[in-house]
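A short worksheet on the structure shown next.
The values are calculated or read from the model by the stated rules, or taken from the named source; none is laboratory data. In this text the structure is predicted, and so the values were computed from the model without any measurement. With ideal geometry, Cβ positions are generated from the backbone for all residues, glycine too; neighbour counts draw on all protein chains shown. In case anyone asks, the SASA skips ligands and DNA or RNA and just uses the protein heavy atoms, side chains included. Shrake-Rupley method; radii C 1.70, N 1.55, O 1.52, S 1.80 Å.
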Amino acid sequence: MIIASILIISGFTSLIFGANWLVDGASSLAKKNNISDLVIGLTIVAFGTSAPELVVNSVASFNGLSDIVFGNIIGSNNFNLFVILGIAGLIYPITVQSSTAWREIPISLVVTILLFLLANNFFVTQNPEISRLDGIFLLGCFCCFIYYVFNQLKQEKTEVLAYKNKSNYKIWGLIIIGIAGLIIGGKLVVDNSINIATELGISQKIIGLTIIAAGTSLPELVTSIVAALKKNSDIAIGNVIGSNIFNILLILSISSFVNPITYSPNFNQDLLIVSGGTLFLLLAMFTGKRKKLDRWEALILLTFYLIYTTYLVWKEL
């Protein structure tokens, strides 16, 4: 089990570095071909920060590990919402723009409820699953979300990002090594997490909701902490809300294309936790200082996650 644990840590390290190298190389390639910073941010960087979840879920879906797939998605969204926002909000109270308070947070809530309905097959009578048809619908919703964000950002001033010129060899080297790092890391994390779960008698659901979810959310955690330290609230909260929407609409849809994903109703409680946390965040915009996540509210988020996760693990042991 010690060796498996070391391999999991190595896998997460490979995922994080792989994602960074892929983003760096792809961003440089896009910039070199005069693609705008807006398009880079919406596509390449967004894909890169969620690449660990995408690779882990694709590997898990290919191997028919449905509980790992849903555990990673739902667990990552819970981790993003309760831990990342909790820590970032404790570092510096997060001020939220009107568009985020009135539109992006509600969109995230609606997307979570949509997943609940699709996964439980409220619209059909077949067994609970995310089918390939559901995946096509989720992907269509993702395209609509990107279109909305694109129009939203066109109306706002955006910061121009600076990129160092790199040779084509270095750019493609970063992209290839980044993709390799993601594939190898994803394989290491999934295989060895299953080995540990089997050895300890812990369900794949718990492994997905905790260890894998936390590990694949490390890029978002680092990004939001750095943003909070720099008092950049837009990045701190935008990173979390955007990632939660991205995970459900894009990553889950791609996972369903690999294999239809059987859904266990045991995840309903965890989906309700995500929905409740998102609703709490929305209400927090209208309590205390308006349109701000105060430190005491951030502390509630973080404390709840620690208690709930402890309860989940204790229930399994």
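Computed from the Cβ-Cβ distance with R0 of 30 Å, the FRET efficiency linking GLN269 to TYR148 stands at 0.50. Using a 10 angstrom Cβ neighbour count of at most 11 plus a DSSP loop assignment to flag exposed GluC sites (Glu not before Pro), which longest range of the chain is free of such sites? It runs 160-317.
Expressed as a fraction of 2.2 N^0.38 Å, the value expected for a compact globular protein of N residues, the C-alpha radius of gyration of the stretch 165-317 is 1.25. Here the calculated FRET efficiency for ARG132 and ALA180, from their Cβ-Cβ distance with R0 = 35 Å, stands at 0.80, rounded to the nearest 0.05.
How do the peptides 70-81, 205-216 rank, highest first, by the average count of neighbouring beta carbon atoms within 10 Å per residue?
On the way: 70-81: 28.7, 205-216: 25.1.
Put in order of decreasing packing, that is 70-81, 205-216.
In this structure the amide hydrogen of ILE94, modeled in the peptide plane, comes within under 5 Å of the amide hydrogens of LEU293, none closer than 5 places in sequence on its chain. Quick one: Cα centre-to-centre distance for the stretch 110-149 and the stretch 274-300, in angstrom? Here the answer is 26 Å between Cα centres. With a cut-off of 14 Å between beta carbons, the residues surrounding LEU118 carry a summed charge of -1, where Lys and Arg count +1 and Asp and Glu -1. The solvent-accessible area of TRP172, taken with every protein chain present and a 1.4 Å probe, is close to 120 Å².
The charge dipole of the chain, taken about the Cα centre with unit charges on the Cβ atoms of Lys, Arg (+1) and Asp, Glu (-1), comes to about 920 debye, rounded to the nearest 20. Summing charges over all other residues whose Cβ lies under 14 Å from the Cβ of GLY178, with Lys and Arg as +1 and Asp and Glu as -1, gives +1.
Accessible area per residue for the chain, computed on protein heavy atoms with a 1.4 Å probe, is 46 Å².
Rounded, prolate or oblate: which one fits the stretch 233-284, using the alpha carbon gyration tensor with axes a ≥ b ≥ c (rounded when a/c is under 1.5, else prolate when a/b beats b/c, else oblate)?
oblate
For the stretch 224-315, what % of the accessible area comes from carbon and sulfur atoms, probe 1.4 Å? Roughly 70 percent, rounded to a whole number.
Summing Lys, Arg as +1 and Asp, Glu as -1, what charge do residues with Cβ under 13 Å from the Cβ of PHE257 carry, PHE257 excluded? Show your work: numbers first, answer last.
Working: positive: ARG132; negative: ASP134.
So the environment of PHE257 carries a net charge of 0.
Database remark: amide H of TYR263 closer than 5 angstrom to the amide H of GLU129, ILE130 (H placed geometrically; neighbours at sequence offset of 5 or more, or on other chains; Pro and chain starts carry no H).
Report note on the peptides 302-310, 183-191: ranked by the mean count of other C-beta atoms within 10 Å, highest first, their order is 183-191, 302-310.
Kindly identify the stretch 249-317 as rounded, prolate or oblate by the Cα gyration tensor criterion: order the square roots of the eigenvalues as a ≥ b ≥ c, call it rounded if a/c is under 1.5, otherwise compare a/b with b/c, prolate if a/b is larger, else oblate. It is oblate, given that a/c is not under 1.5 and a/b is not larger than b/c.
Under 16 Å from a label point set 7 Å out along the Cα-to-Cβ vector of ILE3, the amide N atoms of the stretch 164-206 belong to 188-189, 191-197, 199.
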